[in-house]
1. Tell me, please, whether a residue that is away from the ligand (no atom under 16 Å from the Cβ), part of a helix (DSSP H, G or I), among the charged types (D, E, K, R) and touching an Asp or Glu at 6+ places or on another chain (Cβ under 8 Å) can be found in region 365-373.
2. Collect the residues in region 95-109 that are in a loop (DSSP other than H, G, I, E, B) and either among the basic types (Lys, Arg) or within 14 Å of Ile279 (Cβ to Cβ) (or both), keeping them in residue-number order.
3. Could you tell me which of the residues Val280, Val268 is in contact with an Asp or Glu (Cβ under 8 Å, 6 or more places away or on another chain) and either free of Cβ contacts under 8 Å to residues at least 24 places away in the same chain or crowded, with 16+ Cβ neighbours inside 10 Å (or both)?
4. Can you give me the number of residues within region 333-364 that are more than 16 Å from the ligand (Cβ to nearest atom) and either outside any helix (DSSP H, G or I) or over 19 Å from Leu291 (Cβ atoms) (or both)?
5. Out of region 81-99, which residues are more than 26 Å from Asp515 (Cα to Cα) and among the charged types (D, E, K, R)?
6. Of the numbered conditions (1) outside any strand (DSSP E or B); (2) at pLDDT 95 or above, Tyr605 satisfies every one except a single condition; which is it?
7. Considering only residues of region 161-203 that are assigned to a loop (DSSP other than H, G, I, E, B) and hydrophobic (A, V, I, L, M, F, W, C), which is nearest to Trp511 (Cα to Cα)?
Amino acid sequence: MPKSKASSRPPKSKPANGKLTEAQIAVHWKEEQYFYPTKEFKAQANLVDPAFVKKFSEKNFPKCFNVYANLLSWDKKWKKTLDTSKPPFWKWFVGGKLNASYNCVDRHLAEHKNKAAFIFVPEPENEPAQVLTYRELYIRVNETAAMLRDFCGLKAGDRVTIHMPMIPELPITMLACARLGVVHSVVFGGFSGEACGLRAADSGSRILIYADGYYRNGKWIDHKGNADVAIETAKKEGQRIDKVLVWRRYPGHTRTESPMVTGRDYIVEEVLRDYRGKIVEPVSLDAEAPLFLMYTSGTTGKPKGCQHRTGGYLAYAAGTSKFYQDLHPSDVYWCMADIGWITGHSYIVYGPLALAATSVLYEGVPQFPDAARPWRIAERLGVNIFHTSPTAIRMLRKAGADEPKKYNYSFKHMTTVGEPIEPEVWRWYYEVVGKNKAAIVDTWWQTETGGFLITTKPALDRMKPGSAGPAALGIFPVIWDENNKEVKAGQHAAGNICIRNPWPGIMQTIWGNPDRFVQQYYAKYCKNPKSKKWQDWPYFAGDGAMLSADGYYRILGRVDDVINVAGHRLGTKEIESACLSVPEIAEAAVVPVVDEIKGRVPEVYISIKPGMTPNKQVIDKVISTIETMIGKIARPKKIHVVPDMPKTRSGKIMRRVLAAISNRMHTGDITTLANPDIVEQIRELVQGRDATPLADGPEDIRLFGEQG
Ligand code: WTA
């Protein structure tokens, strides 16, 4: 484990009210040495001109973003770059018309029809990689769009829920939806059927799209059964599902134990026979037409559907892919994320395809069958741009620190995303994986933001391990404390990172819940709710951050009830509601625990209802309920049964205290609790009688549950 942030921090004095705020915490860490992009990288990079950067200065906002929009082909040019008449519901490229599927597929046929759009790498190593050229993608997207339109009766504005693994049919289906203006909502394949059903109901989908199964970690996962659960769940929520379309992982063979329900479930391959060679004109859509929903966890039990627009989103995904991913049509680019998360949407599908790049699609887990698999794939396919998360980097390093040296691949560029990366891990990525020459971008952004917000410009900026870097072009961040006071560069204090201006990639709203959209992201720092000026409506991201004297941001983690597990956002409230649905459970609290590989993992505290016994069956039931309601990714590391929860006098569970206990940190001031004695009892139960607190701990854990 790299040195924890805590160990380099001097002891702090206790704040008077016993409550810590971000801004009160002085955070000190060693300034890391800079690394510089190589001459070779600069010689070929897309963004090398400092004059270009100047175009994105604040005085040129919002027009500067026309540069991104100009990367796309428009059916009708926009009249106005940004409309702020109904804050914070911004409109981008107003009056413009375009189609995302046309931009990602059709327009590349003239020059690139025989070039690989996707290279699919199955997890079993004995299965050969499959190439999907732009021409073939075009044919398959068209046939699929014809099926969605004519067999399913879908039209622009309808929603469709796609619960699929990493197989080529996933982006094919997304692009087919986009062709029709149908709003896709992709649910990560690892989520449970129930989680899929809830999202399908929330979005009002009446069509579900599945795959029969897939390989993961050497095992065949029978996936189709989740559809049956999803349909039941959606029904309970009042949403009827008419059809389930099931793609086959292996053409010609259906591999699932789950029965196909006649008149409801259809094998796509069979339906498609009627649509062979059909061409569907891409529907010309308003720039503001929604392109997709992506559900993400927030501060309540219910996941929220982030709604992204067609024009602004695609322009932002294309622009950031070009300038920060340094994508050229000649590159072979591999982003190891899952398309079921925003990273996959923006940087496996929409961004790369808008630029006619070749995007690698890998079915499985990075370390299957061993920790050298990614390097073999890179060597074999000639991957030169690599994109992954700190969790994957930590895992690959732990399981095979010397493996990259044995393979003859050459990365010009690498990305890290999703969580803070420890400087030591960053250096291994740079020196060993990148062979001391690949430019690294540490990109900070969110499901809500559509694309990168903080990152270095790979050929222009120096790199600093552990710090994401300066703001992306046209993005103007600020850090504020809880009292609206700006935390300045070099102040060595943390605060809430906000973005002062709108940008084209920002979500439009939360599907079906505009009030929550305003409340969650804009209410906190809005200067004047009546104002129609964007300057009065900063975006609150929900992350703690600090700004170094050199203008580089270091992201510290979530300041709300969200835990970032292996780069994936999990709402603790969602896990808590799952626990509470077990009849024996009286109270539940979920807290983050530092994990060497995954960054953070959830631990669960439960108390049992009077008269019921806390036995192993109850604990097993809690685990299995979490897995059915959310999915295996939310499985807690430990479950502690406690006699009572530490509470404030108003009855609020003090999750911060439990988080401190789980992480063997100081519990801070507990004198204001209604039941301070319980803290020592729980501590003994969790840590053993003689344990002493080890550390002062990272900010997100110290402040856990205090905000949001
Ligand atoms: C965290 C993933 C540190 C952050 C793209 C954010 C990061 C949440 C970084 C969003 C980074 C993302 N360094 N932390 N480079 N990138 N995060 O919505 O806490 O799945 O709020 O989007 O991940 O997660 P999401």
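1. To start, the set of residues in region 365-373 that are away from the ligand (no atom under 16 Å from the Cβ) comprises 365-373.
Then drop every residue that is not part of a helix (DSSP H, G or I), which leaves 373.
If we keep only those that are among the charged types (D, E, K, R) too, we end up with 373.
Among the residues that remain, those that are also touching an Asp or Glu at 6+ places or on another chain (Cβ under 8 Å) are: 373.
Yes, some residue in region 365-373 is away from the ligand (no atom under 16 Å from the Cβ), part of a helix (DSSP H, G or I), among the charged types (D, E, K, R) and touching an Asp or Glu at 6+ places or on another chain (Cβ under 8 Å).
2. Asn99, Val105
3. When all the criteria are applied, what remains is Val268.
4. Result for region 333-364: 12.
5. Narrowing region 81-99 to residues more than 26 Å from Asp515 (Cα to Cα): 96-99.
Residue satisfying the conditions is Lys97 alone.
6. (1)
7. Ranking the qualifying residues of region 161-203, first place goes to Val182.
Conditions tested, residue by residue: (1) farther than 12 Å from Ala356 by Cα; (2) touching a Lys or Arg at 6+ places or on another chain (Cβ under 7 Å); (3) touching a residue at least 12 places away in the same chain (Cβ under 8 Å).
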| position | (1), (2), (3) |
| --- | --- |
| His112 | no, no, yes |
| Ala116 | no, no, yes |
| Val121 | yes, no, yes |
| Pro124 | yes, no, yes |
| Ala129 | yes, no, yes |
| Thr133 | no, yes, yes |
| Met147 | yes, no, yes |
| Phe151 | yes, no, yes |
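The values are calculated or read from the model by the stated rules, or taken from the named source; none is laboratory data. In this text, all values refer to a predicted model and were calculated from it rather than measured experimentally. Positions of Cβ are generated from backbone atoms using ideal geometry, with glycine treated the same way; all protein chains shown enter the neighbour counts.
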